[in-house]
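K.L.:
Handing you a structure now.
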Amino acid sequence: MAIRNKCPYCSWPISFFTRKCPNCKSPIFPESQDASNFLNLIVEIIKRPLLLIVIVVAIIAINIFDKGSPKGINSKADRILKDSGVEMDDTLCVEDFTGTFNLPSHPYIDVGNLDSNERDELSNVSKRNNPELYEEIENKYKKIFDDWINWRYAMKLNQKYLALLNCNSIDKRPQDLQDMKNLGLEMQKIIPEIYEEFPSLKF
């Protein structure tokens, strides 16, 4: 059952998501609806245990997946850098290794031109008359982009390891380096093809 409210102009019953009153046709702007609507929405979710369970499970699943992903591994590496103190004690040194402008370009993937190259190829293929070839081209460029993303994650992790290894901090411990190496091994299991192609990213 939708949450019931009233139109601020004619008091016609409307739902929380109504943007135009069905009675007086007045637009219903979000700011005109009472702030308590959000609390009402929370109450409605709590009233439905199954919906609440689905939302909680989805959030947990996303967090678990993210922790075992290249992005999640880099987040753990950020935490190690922070806990080791090198980010604060030797900021310029860390920036030399991990700064955005210091991230090298991929050896052969020009990500800036991927979209235009894909459009050029697809412009010569009919999606309706040749759907297999159209999908094949789309998948080819998706794989190229995924390879670039994974290479970038591996490169960033390598840079964070080098920053931890070379930059100074009174709080840095040998265990920090070991933890970073463990993340490197974990990353190699997730995207082994990247490390096979670029063994210099291993540490």
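The values are calculated or read from the model by the stated rules, or taken from the named source; none is laboratory data. Only a predicted model underlies this, so the values are computations on that prediction, with no experimental measurement involved. Cβ placement follows ideal geometry from the backbone for every residue including glycine, while neighbour counts extend to all protein chains displayed.
K.L.:
Checking the conditions here, which among L133, L122 is farther than 30 Å from L157 by Cα, among the aliphatic types (A, V, I, L, M) and without any contact (Cβ under 8 Å) to a residue 12 or more places away in the chain?
P.N.:
Residue meeting the stated conditions: L133.
K.L.:
While we're here: Would you be able to say whether some residue in the range 29-47 is at pLDDT 90 or above, farther than 30 Å from D171 by Cα and aromatic (F, W, Y)?
P.N.:
no
K.L.:
Kindly establish whether K156 is surrounded by fewer than 18 Cβ atoms within 10 Å (Cβ to Cβ), closer than 30 Å to D96 by Cβ and assigned by TED's automatic domain parsing to the domain that holds V94.
P.N.:
no
For every residue, the table says whether it meets (1) basic (K, R); (2) buried (at least 18 other Cβ atoms within 10 Å of the Cβ); (3) out of contact with any strand residue (DSSP E or B) (no Cβ under 6 Å at 6 or more places or on another chain); (4) not assigned by TED's automatic domain parsing to the domain that holds L183.
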site	(1), (2), (3), (4)
A77	no, yes, yes, no
G85	no, no, yes, no
K143	yes, no, yes, no
L164	no, yes, yes, no
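K.L.:
Another question about this same structure. Could you tell me which of the residues K76, K67, K20 is at negative phi, of a type in the set (K, R) and modelled with pLDDT of 90 or more?
P.N.:
None of the others qualify; the one that does is K76.
K.L.:
Turning to a different aspect of this structure: I need the full set of residues from the range 98-150 which are in contact with a Phe, Trp or Tyr (Cβ under 9 Å, 6 or more places away or on another chain) and assigned to a helix (DSSP H, G or I), in order please.
P.N.:
Within the range 98-150, V111, L114, D115, N117, E118, E121, L122 meet the criteria.
K.L.:
Hey, another quick one. Within the range 88-116, count every residue that is out of contact with any Leu (no Cβ under 9 Å at 6 or more places or on another chain) and either outside the structural domain of L165 (by TED's automatic domain parsing) or within 30 Å of N168 (Cβ to Cβ) (or both).
P.N.:
Result for the range 88-116: 15.
K.L.:
Any residue at all in the range 154-170 that's within 24 Å of D110 (Cα to Cα) and among the small types (G, A, S)?
P.N.:
Yes, the range 154-170 contains at least one residue that is within 24 Å of D110 (Cα to Cα) and among the small types (G, A, S).
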